[in-house]
Amino acid sequence: MRKRTHQEILENYIPEPNTGCHLWLGAISPCGYGIIDYKTTTVTGEHVVTRIVWTDRNGRIPDGMKVCHRCDTPRCIRIEHLFLGTQRENIADMASKGRRARGRMLSNAKLTEDTVRAMRAEYDAGGVTTRDISAKYGVGPTVAFLVVKRQRWIHVQ
């Protein structure tokens, strides 16, 4: 990536008519956020574009604060869609909107909703232990216990 100026950042998006988002057209991080090599008199290097946009409009971002999206669109760089929050506040915002990854949406999930239902049905019917369930479904004993006791995968009925 070549170094870019602030003006180039402002010109490198497309308006999304349905949401009002300004979608970044440049490079994207693996998590979907706009990134850029950026150079000013004081800052040089790769940066998340929303941090540059926020800093330009509102000044320095306090330590420990993140630039969060009201619109939940990582590529959006529209200042009106951004707000500052701690990591904890950002996670709470995500959860309140039902966007928290759970179940099979987690990258390391071994189970599916159907498998969880089957595990619980077998355990509830009796005659099997959580260790039996664990061995049959290829998960650890703790995972099996938490699933059949409805302490994990709680969104599955």
Suppose every K and R has +1 on its Cβ and every D and E has -1 on its Cβ; what is the size of the dipole of segment 3-96 about the Cα centre, in Debye to the nearest 20?
160 debye
Give me the one-decimal nm value for the distance between modelled label points at ARG88 and ASP132, 7 Å along each residue's Cα-to-Cβ direction.
4.4 nm
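Every read-out reported here was derived from the displayed coordinates using simple, explicitly stated rules and does not represent laboratory data. As the structure is a prediction and not an experimental result, all values here were calculated from the model. Methodologically, a virtual Cβ is constructed for each residue, glycine included, from the backbone with ideal geometry; neighbour enumeration extends over all protein chains shown.
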